[in-house]
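**Q** First, the structure itself, so that you have it in front of you.
None of the figures in this text is laboratory data; all of them are computed from the coordinates on show. Model, not experiment: these values are computed from the prediction. Ideal geometry is used to build each Cβ from the backbone, glycine not excepted, and the neighbour counts take in all protein chains shown.
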Amino acid sequence: MRAAVVSNPDAAPVCADFPDAQQQPGKEPLRGTMAERLVTPFEVELPAGADPLAVAAGMNPGMSGWMALVARRREVGELGTVLVLGATGMSGGLAVRAALSMGAQRVIAVGRDPEAMEGLRGPRVVTVPLAHGGPDAWRAALGAAVAEAPPALVLDFVWGPVAEVALAALRGVSADDDVPIDYVQFGALAGTAASLPAALLRSRRIRISGSGTGSVSKARMIAEVPEVIARFGDGTFDAPYTAYPHSRVGAAWAHQGRTRAVVVPD
Ligand SMILES: NC(=O)c1ccc[n+]([C@@H]2O[C@H](COP(=O)([O-])OP(=O)(O)OC[C@H]3O[C@@H](n4cnc5c(N)ncnc54)[C@H](OP(=O)(O)O)[C@@H]3O)[C@@H](O)[C@H]2O)c1
């Protein structure tokens, strides 16, 4: 079978012929999603109406916010207001849609790109643009939005100075003593570090955690896969993509822009 393989972290993958992967008794199946065939530890049927390439493009970003939203709803029963930092990205945008589909009363969507922000606006979505001008300019806009509807759950895809502004804003809101605010960190595109005010930890019931492979169990992720795939079938989720044949995997590697690259057999 044909498979694209990365043999050197600094080089683009190349497509070549390989023997079919075989499940070895007692061994973990091989992982990889750029081969014509692979051994998987579970099967999920694609629902009618789900575009398989959109599923391929959107599963990873779709799963991220979904896991935190499901965990919060399971524990607390309702989502209340959800604050999404980096809502203009693929993961943040799907998290906004997931939160709305799970009954969030309000979503505060924070991002930079004006066109993507426009697309997020809706009856239960308040958008807060990260306008030019840096953290001082963001503070007032985000502070006003969270004061009006204090978030119970924060999904942070960007971290860095955006997180610092959000953490400061949370300090200023009235909070429910009985129910903790959950602040969940996914990505760090705005900065790999953020300072955490000590006073925030003292003055709020707040839990700060990260979500990803390692912090969420594999079993819990696999259990949610059918639910997330179903959202591509019922139209809740969509993921724009650009398809590349295996033979052009190098071009897929260099792909940039708002769509996800999906590699398909030639
Ligand atoms: N832990 C997990 O389970 C998990 C799963 C999926 C993704 N992630 C991570 O989450 C992050 C976002 O992923 P994605 O799929 O949404 O990527 P994406 O579609 O490329 O979107 C990138 C997002 O980051 C924002 N951004 C980039 N640089 C920024 C900066 N300097 N300041 C403020 N915002 C900035 C973009 O804002 P504009 O578009 O408005 O400019 C956009 O909202 C990545 O770090 C990714 O690795 C984690």
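**Q** Two-decimal Rg/Rh of the chain from alpha-carbon positions, Kirkwood Rh?
**A** Result: Rg/Rh = 1.00.
**Q** When the Debye formula is applied to the Cα atoms of segment 203-266, each taken as the same point scatterer, what base-10 log of I(q)/I(0) results at q = 0.13, 0.16, 0.19 Å⁻¹?
**A** Here log10 of I(q) over I(0) equals -0.64, -0.86, -0.98.
**Q** Under a 10 Å cutoff between Cα atoms, tell me which one of Pro41, Pro161, Pro240 has the largest fluctuation in the Gaussian network model of the chain.
**A** The residue with the greatest mean-square fluctuation here is Pro41.
**Q** If you don't mind, another one. On the principal axes of its Cα set, how long, how wide and how thick is segment 1-135? Give whole Å, largest value first.
**A** 52, 38, 29
**Q** Could you list, bin by bin from short to long, the percent of Cα-Cα pairs of segment 76-210 in 5 Å steps?
**A** Answer for segment 76-210: a P(r) of 2, 11, 23, 26, 22, 11, 4, 0 percent.
**Q** So for each of 34-40, 21-27 I average, over its residues, the number of other beta carbons within 10 Å; can you give me the resulting order with the highest mean first?
**A** 34-40, 21-27
**Q** Which value at 222 nm does the chain reach when only helices count, each DSSP H run of 4 or more adding -39,500 (n - 2.57), with the total divided by all residues and rounded to the nearest 500 deg cm²/dmol?
**A** It comes out at -11500 deg cm²/dmol, rounded to the nearest 500.
**Q** If you find the alpha carbon centre of segment 66-95 and of segment 155-205, how far apart are they in angstrom?
**A** The two parts, judged by their Cα centres, are 15 Å apart.
**Q** I want to verify a result. In a Gaussian network model of the chain, Cα cutoff 10 Å, which of these has the top mean-square fluctuation: Thr81, Thr236, Thr213?
**A** Thr213
**Q** Between Glu148 and Leu196, what length in nm is gained on full extension when 0.36 nm per residue of separation is reduced by their alpha carbon distance?
**A** Roughly 15.0 nm would be gained on extension.
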